[in-house]
Amino acid sequence: MRTLALAALWIATIPAADAATIAAHRVIYDLKLARTSDGASLSSAEGRLAFEVQGSACAGWTVNFRMVNRFAPSEGDSRTVDTQSTAFESGDALELQYSQREFLNNKPQGETRISVERKATDAETAGTLQSGDGKPFTVPAGALFPMQHQLHLMDLAASGGDRDTSVVYDGSDGANSYRAITFIGKKKEAGANARDTGNGQARLLKDLPSWPMSISYYSLAGNSDTPSYQVTFDLYQNGVATGLVLDYGNFVLNGELRQLELLTSDPCP
């Protein structure tokens with residue numbers, strides 16, 4: 001299961017200078033199957049998504065991610081997929097260290113470690129896959145790491161922008177980079193997001209405006225007109241996302257905010 005789309009759901013704040021900054025947080029979503037196609041052969045799916053962000057633009061960010069889903073096929077036994085990852089992204093967007101482990105029915109399925117270090121964000125860079133054969137791969141010039149992409153979208157929303165196209169690399173799909181096309185809807189003023197007023201976990205968001213966002217990810221490895229996956233959500237001014245819809249093509253998961261905690265972090269000097 002891909003995790004890149006979920007990296008765009010990190011908490012952020014908009015300071016007076018109108019530039020987004022990232023604040024530490026911990027968030028959990030309950031996942032349920034919204035719809036499925038015949039090709040998915042699923043009768044049900046449910047799970048939980050959790051991630052934690054620590055750090056700053058000065059020290060860089062560390063993101064711990066876990067998504068556990070139980071899939072019940074139309075025929076045969078159910079299976080539980082547990083994906084866990086840790087990423088470090090430097091504040092200057094020049095370094096990304098990523099590791100991922102996956103478990104199927106509690107049995108380890110392998111581990112991936114990736115390292116990317118570049119001299120400039122606009123330079124094509126060789127990354128290293130530190131598991132398997134260790135073969136180098138290329139990260140395109142101008143590719144955004146996930147935190148850099150999040151900051152970019154936060155700034156765009158705050159300035160009234162409504163569309164963005166960026167190349168994104170996060171490591172969760174090995175050597176593959178994606179073209180991310182984002183549409184940003186009309187700003188919802190504080191208290192105007194009716195869906196969240198009944199969710200006690202969203203009480204920290206009641207005084208903040210939000211923006212509907214939809215991101216489609218297209219693999220650079222092919223020429224398909226169909227996105228590999230899509231994610232939609234409402235993004236609040238502090239970066240918290242609610243109303244998740246994770247569309248993987250032949251099935252769709254809805255994510256409901258279950259727990260939100262703002263953590264203490266040291267601001268940049």
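Between residue 256 and residue 106, residue separation times 0.36 nm minus the direct Cα-Cα distance comes to 51.5 nm.
Per residue, the Cα convex hull of the stretch 202-269 amounts to 144 Å³.
Sort 265, 78 by Cβ crowding within 10 Å, fewest neighbours at the top.
Numbers: 265 17, 78 13.
So the ranking, lowest neighbour count to highest, is 78, 265.
The separation of the stretch 247-269 from the stretch 102-172, counted between C-alpha centres, amounts to 18 Å.
Tell me the relative contact order for the chain as a rounded percent, counting alpha carbon contacts under 8 Å between residues six or more apart.
Details: 680 pairs, mean separation 54.1, N = 269.
Computed over the chain, the figure is 20 percent.
In plain terms, the residue of 107, 188 with the fewest other Cβ atoms within 10 Å comes first and the most crowded comes last, giving 107, 188.
Pairs of C-alpha atoms in the chain farther apart than 24 Å represent 49 percent of all such pairs.
Could you tell me whether the stretch 87-198 comes out rounded, prolate or oblate from its Cα gyration tensor? Rule is a ≥ b ≥ c as square roots of the eigenvalues, rounded for a/c under 1.5, then prolate if a/b exceeds b/c, otherwise oblate. Because a/c hits 1.5 or more and a/b fails to exceed b/c, the stretch 87-198 counts as oblate.
Bear in mind these aren't lab numbers, they're just calculated from the coordinates by the rules spelled out. Keep in mind that what you see is a predicted model, and the values were worked out from it rather than measured. Positions of Cβ are generated from backbone atoms using ideal geometry, with glycine treated the same way; all protein chains shown enter the neighbour counts.
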